[in-house]
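Data block below; observations after.
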Amino acid sequence: MRLAMVVEYDGTDYFGWQVQPDQPTIQESLERALRRILGHPVRVEAAGRTDAGVHALGQVAAFSTKRTPDPRTLQRGVNALASPGIVVRELFEVDGGFDPRRDARRRTYEYRIDDRPWPSPFRSRYTWHARGPLDVEAMALAAESLVGDHDFRSFQAAGCDAEHPLRTVFESALERRDGEIVYRIAATAFLRHMVRNIVGTLVEVGRHKRTAGDFLDLLASHDRRLAGATAPPRGLCLIRVEYA
């Protein structure tokens, strides 16, 4: 039986999605809960391996089991046993060949920035405090230039194991919302630290250290050394993953 689940988590206290020796991770917590319920080892595969400190509202994961559990009962059991800050929002049966990573057609992330003079203790787990004020209009203009098919080597972190740097971006928009600056990007897939590197460079545009034209030139340069610093993980959240 092949089952999929939509998972929501606060990544602050975890070392990312993927299992790591002697470190708490999202994958490890879910696999441990499922093993206790199903009585056999379970391998949970995700649509994307989020980094340490990154959050998710709509991570999609899948696993196979020799048993035939009732999905709703299994969902309640996993939520009772999973570590704090991890919740399975949906759990349902899927086709036996379903692959949450390879079958995904569109992934959407949001990054939140707090540019007020002083950080909020209530938002600090989920926003990057980049002291401002930042020029949102200039940042939004630069962000728009990412829509389409591009080579994203300028925003690719070292050690990325992607087969190629070409990605299709469907949406790249930035706005001020509820007292925060929210950057939203949707694409077929992402390179390692791609969104955080984009955000770090957009903040430089917002501080008038670069122009929107400079940002476009940077994208065309394919040179990561020319981009801004990598934004911290706490502002990043995987919003949803979509399938055909």
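The values are calculated or read from the model by the stated rules, or taken from the named source; none is laboratory data. Everything numeric here is computed off the predicted structure, so don't read it as measured data. Cβ placement follows ideal geometry from the backbone for every residue including glycine, while neighbour counts extend to all protein chains displayed.
Looking across the stretch 164-179, the residues that are surrounded by fewer than 19 Cβ atoms within 10 Å (Cβ to Cβ) and under 15 Å from L202 (Cβ atoms) come down to E171, A173, E175, R176. Inclusion of V44 among residues that are out of contact with any Pro (no Cβ under 8 Å at 6 or more places or on another chain), surrounded by 15 or more Cβ atoms within 10 Å (Cβ to Cβ) and at pLDDT 95 or above is warranted.
For the stretch 93-115, residues that are part of a loop (DSSP other than H, G, I, E, B) and β-branched (V, I, T) total 1.
Taking the stretch 191-229 as the range and being at pLDDT 95 or above and small (G, A, S) as the test, the residues that pass are G200, G206.
If the condition is being basic (K, R), over 21 Å from I26 (Cβ atoms) and either surrounded by fewer than 13 Cβ atoms within 10 Å (Cβ to Cβ) or at pLDDT 95 or above (or both), then the stretch 87-126 contributes R105, R106.
Only a single criterion out of (1) over 29 Å from A173 (Cα atoms); (2) among the β-branched types (V, I, T); (3) assigned by TED's automatic domain parsing to the domain that holds D178 is not satisfied by T127, namely (1).
Looking at the stretch 134-244, what helices (runs of 4 or more DSSP H) fall wholly within it and have at least 1 residues that are of a type in the set (D, E, K, R), more than 20 Å from the chain's Cα centre (by Cα) and over 22 Å from P119 (Cβ atoms)?
136-144, 212-221
Checking every residue in the stretch 73-90 against the condition of being more than 19 Å from R240 (Cα to Cα), assigned by TED's automatic domain parsing to the domain that holds H193, touching a residue at least 12 places away in the same chain (Cβ under 8 Å) and not in a loop (DSSP other than H, G, I, E, B) gives zero matches. Looking only at the stretch 138-180, count how many residues are at pLDDT below 85 and among the small types (G, A, S). Within the stretch 138-180, residues that are at pLDDT below 85 and among the small types (G, A, S) number 4. Entry remark, the stretch 7-25: residues being closer than 11 Å to T50 by Cα and without any contact (Cβ under 8 Å) to a residue 24 or more places away in the chain number 1 in total.
Table: residues versus (1) out of contact with any Lys or Arg (no Cβ under 9 Å at 6 or more places or on another chain); (2) in contact (Cβ under 8 Å) with a residue 60 or more places away in the chain.
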{"residue": "A104", "(1), (2)": "yes, yes"}
{"residue": "P119", "(1), (2)": "no, no"}
{"residue": "A130", "(1), (2)": "no, yes"}
{"residue": "S145", "(1), (2)": "yes, yes"}
{"residue": "P165", "(1), (2)": "no, no"}
{"residue": "F170", "(1), (2)": "no, yes"}
